[in-house]
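The values are calculated or read from the model by the stated rules, or taken from the named source; none is laboratory data. Small disclaimer: the values here were computed from a predicted structure and weren't measured. Counting neighbours? That spans all protein chains shown, and the Cβs are built from the backbone with ideal geometry, glycine included. Note: accessible area is taken over every heavy atom of the protein model, side chains too, but ligands, DNA and RNA are not part of it. Shrake-Rupley method; radii C 1.70, N 1.55, O 1.52, S 1.80 Å.
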Amino acid sequence: MKEQISSRPFHYPRPGAPLSCGSVSLENLARKFGTPLYVYSGDQIAERLHLFQQALAGRDHLVCYAVKANSALAILKLLAGLDAGFDIVSGGELERVLAAAPEAVARVVFSGVGKTAAEIDLALKAGILEFNVESEAELELLAARARKLKTKARFALRVNPDVFADTHPYISTGLREHKFGIDIRRAPAIYKNAAGNRWLEAHGVSVHIGSQIRSAEPFGAAMERVSKLMRQLAREGIALKSVDAGGGLGIDYHTGVPTSRSAAVGWRGGNFDAAEKVREYAEALQSALGDFQGQLLIEPGRFLVAQAGALITRVLHVKRNGKKTFVITDAAMNDLIRPALYQAHHEIVPVRLRAGRPQLVDVVGPVCESGDFFARDRRLGGVEPGDLVALLDAGAYGMAQSSNYNTRLRPAEVLVEGAKARLIRRRETVADLLAPEMI
Ligand code: LLP
């Protein structure tokens with residue numbers, strides 16, 4: 001039973017009951033902690049991690065959660081406790097891992113196209129697993145810093161496999177025209193050159209082709225090319241210990257929440273089978289890897305946390321302008337920027353269902369920009385000022401991409417585990433915001 005609840009944590013437990021996260025009522029959470037409020041199901045995050053670990057059980061592997069998706073310390077701690085590693089892209093993210101789970105530092109990989117000397121030093125001293133290096137200049141800098149600190153830097157070249165992944169252009173990364181990685185054809189020469197440097201250890205190879213990729217096929221195609229590279233390197237005497245397949249496995253943002261009403265109009269949310277998606281993905285990687293004996297790393301972010309999270313917001317006003325109806329919420333683009341930035345779709349559901357016909361509305365925030373919307377021409381069950389609504393699938397790149405635009409205080413965050421809910425980040429105060437400034 002628990003299994004079922006966590007695989008779809010946001011649900012109406014009984015007809016007439018408010019939307020819940022697991023067994024915890026979102027109405028109660030909103031009353032206690034205020035809105036806008038991010039709520040995450042720790043149970044679902046754990047379940048998703050387990051899906052990857054299970055699918056790769058047959059080989060040496062490490063799931064390195066992409067911290068950028070949601071960097072809440074409590075979530076990092078939860079994942080570290082379940083043997084996850086971490087994919088970081090800044091010194092700040094490393095500090096988060098060190099604060100939440102210092103014991104996991106040997107399971108950290110450091111990605112990113114622009115690491116500074118200070119960030120490299122921090123990671124070298126902390127003893128991370130490997131640096132995913134994105135250019136020859138970065139490799140030189142890494143060697144220089146390792147020499148300075150009299151330590152050896154384990155590196156993987158992030159190669160660009162020139163594989164097309166069908167996703168939003170802002171989050172596609174695997175083509176030669178993108179700023180990411182090193183042309184895979186240049187990689188052998190760089191590995192050979194590095195072999196003569198005593199401050200560098202060629203530990204692995206990495207690849208990341210983009211984000212929100214729904215099919216397993218491009219992951220397999222990229223890994224085929226990486227495998228070929230590894231075979232070539234092995235023939236030349238360079239045996240790599242790890243291969244990092246990156247992140248990017250996508251979710252379905254249209255699943256919503258079943259209600260007796262939505263079931264009657266052909267609700268199709270049940271079609272998204274996370275376990276099946278992970279199996280297909282793992283299978284594509286495994287078959288491309290063949291008999292590679294080293295460690296397989298993966299860097300999922302979104303798949304672990306997106307569907308575990310919702311942004312709960314209160315309706316401030318319902319405003320009619322001619323033919324249009326605007327539902328104005330107390331959350332805005334600064335709290336969840338995905339719709340404005342990527343035209344992303346998030347399902348929006350009332351926390352308490354009302355009788356009456358759904359209406360076509362725009363759901364918008366109070367920020368002074370026309371781009372401040374969560375949905376346009378969306379069919380929403382009747383909502384009134386004071387009602388709560390939930391923006392679903394907001395656990396990834398929601399809070400992590402929030403800002404204080406319009407001097408708005410960022411939301412509080414709550415983690416639900418079993419029947420327990422606890423505050424993992426308090427709401428910001430004006431004093432927090434003004435603290436770094438001087439007049
Ligand atoms: N590894 C690397 C090197 C990455 O650049 C990323 C994401 C990941 C792993 C994790 O990808 P995921 O499994 O979460 O797809 N803000 C955008 C997504 C940006 C992704 C950036 N890189 C969004 O809200 O859709």
- [ ] Kindly state, to the nearest 0.05, the FRET efficiency for Tyr342 paired with Leu316, given R0 = 25 Å and r defined as their beta-carbon distance.
- [x] 0.50
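Restricting to Cα pairs below 8 Å that are 6+ residues apart, what does the relative contact order work out to for the chain? Please round to a whole percent. Before the final figure, lay out the partial values.
On the way: 953 pairs, mean separation 84.4, N = 439.
It rounds to 19 percent for the chain.
Please calculate how many Å² of accessible area segment 42-302 carries per residue, with a 1.4 Å probe and no DNA, RNA or ligand atoms counted. The partial results should precede the final answer.
Numbers: 10840 Å² over 261 residues.
Dividing the accessible area of segment 42-302 by its residue count gives 42 Å².
Based on the mean of other beta carbon atoms within 10 Å per residue, what is the order of 11-21, 125-135, most packed first?
Values: 11-21: 16.5, 125-135: 21.5.
In decreasing order of mean packing, 11-21, 125-135 become 125-135, 11-21.
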TODO: Find which of Leu285, Ile190, Ala221 sits farthest along the positive direction of the dipole of segment 42-302, computed with +1 on the beta-carbon of Lys and Arg, -1 on that of Asp and Glu, about the Cα centre.
DONE: Ile190
Task: Between 0 and 90°, nearest 10: helix 274-289 axis offset from the chain longest Cα axis - done: 10 degrees
TODO: List every residue whose amide H lies under 5 Å from the amide H of Ile424, counting only residues 5 or more places away in sequence or on a different chain, with H placed 1.01 Å from N in the peptide plane.
DONE: Glu413, Val414, Leu415
Task: Principal-axis tilt of helix 217-235 within the chain, Cα atoms, nearest 10 degrees - done: 20 degrees
Open item on the list: Under 20 °C and 1.002 mPa s, how fast does the chain diffuse according to Stokes-Einstein, given a Kirkwood radius computed over C-alpha pairs? Answer in µm²/s, whole number.
Closed with: 94 µm²/s
TODO: Report the residue, chosen from Asn160, Asn321, Asn197, that carries the largest GNM mean-square fluctuation when the chain is represented by alpha-carbon nodes joined by springs under 10 Å.
DONE: Asn321
- [ ] Would you be so kind as to identify which of Phe155, Tyr342, Leu29 lies farthest towards the positive end of the dipole of the chain, taking Lys and Arg as +1 and Asp and Glu as -1 on Cβ and the Cα centre as origin?
- [x] Leu29
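Let me know the charge dipole size of the chain about its Cα centre in debye, to the nearest 20, where only the beta-carbon of Lys, Arg (+1) and Asp, Glu (-1) is charged. Could the numbers behind the result be given before it?
Values: 56 positive and 48 negative charges, 114 e Å.
For this selection, approximately 540 debye.
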Open item on the list: Under a crude label model (7 Å from the Cα following the beta-carbon direction), how far is Glu103 from Gln293 in nanometres?
Closed with: 3.1 nm
- [ ] Nearest 5 is fine: what % of DSSP beta bridges in the chain come out antiparallel, could you say?
- [x] 45 percent
Task: Peptide ranges 391-398, 281-288, 404-411 listed from the most packed, as the mean C-beta count within 10 angstrom indicates - done: 391-398, 281-288, 404-411
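For Arg147 and Leu82 in the same chain, what is the full-extension length gain: residue separation times 0.36 nm, less their Cα-Cα distance, in nm? The partial results should precede the final answer.
Working: separation 65, 0.36 × 65 = 23.40 nm, distance 3.45 nm.
The span from Arg147 to Leu82 would gain 19.9 nm if fully extended.
Report the extension gain between Ala239 and Arg59 in nm, rounded to one decimal, defined as 0.36 nm multiplied by the number of residues separating them, less their alpha carbon distance.
Values: separation 180, 0.36 × 180 = 64.80 nm, distance 1.75 nm.
Length difference between fully extended and current span is 63.0 nm.
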Open item on the list: If I take R0 = 22 Å and measure r between the Cβ atoms of Ala400 and Ala431 in this structure, what FRET efficiency does the formula 1/(1 + (r/R0)^6) give, to the nearest 0.05?
Closed with: 0.45
TODO: May I ask which of Lys150/Lys192; Lys32/Lys324; Lys152/Lys228; Lys77/Lys125; Lys125/Lys241 have a Cα-Cα span longer than 24 Å here?
DONE: Lys32/Lys324; Lys152/Lys228
Task: Accessible-area ranking of Lys179, Lys324, Lys192, largest first, probe 1.4 Å - done: Lys179, Lys192, Lys324
Task: C-alpha center-to-center spacing [segment 55-81, segment 378-438] in angstrom - done: 23 Å
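Can you tell me how much longer the chain between Thr407 and Arg379 gets when fully stretched, taken as 0.36 nm per residue apart minus their C-alpha distance, in nm with one decimal? If you can, show how the numbers build up before the last one.
Numbers: separation 28, 0.36 × 28 = 10.08 nm, distance 3.09 nm.
Length difference between fully extended and current span is 7.0 nm.
So how strong a dipole does segment 1-68 carry about its Cα centre when Lys and Arg Cβ are +1 and Asp and Glu Cβ are -1, to the nearest 20 debye?
Numbers: 8 positive and 5 negative charges, 33 e Å.
It works out to roughly 160 debye.
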Task: Sum of side-chain charges, Gly196 neighbourhood, beta-carbon under 15 Å (Lys, Arg +1; Asp, Glu -1) - done: 0
